[in-house]
Every structure is written in structure tokens, then in C-alpha cells.
Amino acid sequence: MYNRVMADLINKLNTLIRASVNDALSFDSERRLPGDKRPRRPRLGKDIDREIAALRERINDAVAHEDQITTDIQALQRVITDWDQQANQALVDGKEATARHAVRQMQIKQRELAMSEADLAQHQLATTELIRRVNELEAIVAEARQQDQARSHDQARSRDEVDDTDSLSARLRNARQQIETDQPLSGRRTAQPPKTDTSTVDEADIDDDLAQRRARLSQ
């Protein structure tokens with residue numbers, strides 16, 4: 001389902017962010033002199049604040065999409081309740097075919113609900129991990145800047161902005177663009193893959209449901 005695709009994209013972004021940070025740290029350590037025991041400090045790059053802001057925007061998109069999934073689930077729950085009530089009323093009125101139809105529709109929606117709830121859980125896990133990764137990234141940037149305060153402004157500037165190709169901001173930009181090339185990380189449903197068929201219902205399940213309803217209504 002589309003919600004699962006969204007979660008997969010967020011998971012990919014999480015992985016790329018982690019790889020980008022690790023690569024930047026490794027790149028910095030490779031350029032150190034032997035015996036240098038200072039904490040590893042990534043080359044931030046001049047656009048690091050812009051890249052973090054872009055990642056925060058991706059988080060906002062993911063949370064907005066999560067809200068949309070929740071709204072869809074609530075709508076499905078209302079539809080299920082409505083079909084449930086219609087099935088009971090049809091049995092009271094002696095309308096067997098109408099009751100059977102209502103139960104069939106209710107069970108179809110129940111399957112859709114189960115899939116949507118599973119998608120929501122996966123999406124929430126992915127979004128939580130994305131938030132954790134970006135918070136971790138911001139902490140790394142803050143620590144690097146604290147280290148720069150002990151150096152001169154010119155030294156910090158030259159280290160961050162000269163040859164920005166391997167900087168942390170460049171790596172984050174490449175990671176974000178790679179994901180957005182696959183599909184935009186937004187709450188808008190722009191490209192939904194085919195949904196799993198939920199329209200087939202076992203007639204035996206309908207018979208069991210109707211039998212249980214008759215037993216309850218007869219009491």
C-alpha cells in the first residue's frame with residue numbers, strides 16, 4: 001500500500017543520513033595526523049543549516065501524512081460501525097439478503113482497517129527513527145561548532161567551505177535528493193501503487209457472523 005511505500009522511503013532516508021554522517025566522520029579522521037586524539041569533527045559545509053531545515057521539513061511531511069492515515073482509519077471505523085448496524089437491523093426486519101450484503105461490506109472494510117493500522121504502525125516507527133536521526137545530526141553539528149569556537153574564524157571558515165564536495169551538508173543533500181528522485185516525501189498521494197485486493201470474502205465467514213447475530217438478537 002502507499003502508506004507502506006512512504007514508510008520504506010523514510011527508512012531509506014534514515015539509512016542514508018546515518019551513512020552520510022559516518023562517512024563525513026571517517027573522512028575527517030583520515031585527514032588527521034598520527035597521534036591526534038581530538039574528537040572526530042565532520043566538515044560541516046556552508047549549507048549544513050539549510051540541509052537540516054530540509055530534513056525537518058521532511059519530518060513535518062511525514063507527521064502530516066501520519067495524521068492523514070489516522071483520519072482514514074477513523075473514517076473506516078465509522079463505516080464499519082454503520083454496516084454493522086445495518087446488518088442487525090436487516091435481520092430484525094427479516095431481510096436476509098440485505099443483512100448478508102451488509103456483513104460482506106463490513107468484513108471488507110475490516111480487512112482494509114487491519115491493513116491501514118499495520119501501515120500506520122510501520123509509518124510511526126519510521127518517522128520516530130527519522131526524528132532521532134535528525135536530532136543526532138543536529139547534536140553532531142552543534143558539537144563541531146563548539147570545537148570551532150576555540151579556533152579562529154578564518155580557520156573554521158576555511159575548513160568548512162573549501163572543497164565542499166565531501167562536506168556533511170553535501171552528503172546530506174545527495175542523500176535527500178536520491179530519495180526524492182524515487183518519490184517525493186510528502187503527505188500528498190501522488191503515485192499510489194496497486195492496493196491489495198480486499199474484496200473477496202469467505203462466504204463461510206459471513207454465515208458465521210450472521211449466525212452469531214441471530215443468536216444475540218434472539219436473546
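What follows is calculated from the coordinates using simple rules that are stated; it is not laboratory data. Since the model is a prediction, treat every value here as computed from it, not as a measurement. We place every Cβ from the backbone using ideal geometry, glycine too, and count neighbours over all the protein chains shown.
Points worth noting:
- Counting Lys and Arg as +1 and Asp and Glu as -1 over every other residue whose Cβ lies under 13 Å from the Cβ of Ile17, the net charge comes to +4.
- The label point for Asn22 and the one for Asp205, both projected 7 Å from the Cα toward the Cβ, are 4.2 nm apart.
- Extension gain, His101-Arg216: 0.36 nm per intervening residue step, less the Cα-Cα distance, totals 39.5 nm.
- Reported value for segment 48-116: 53 Å³ per residue, from the convex hull of its C-alpha atoms.
- In this calculation the C-beta distance from Asp72 to Lys46 is compared with R0 = 41 Å, giving a FRET efficiency of 0.50.
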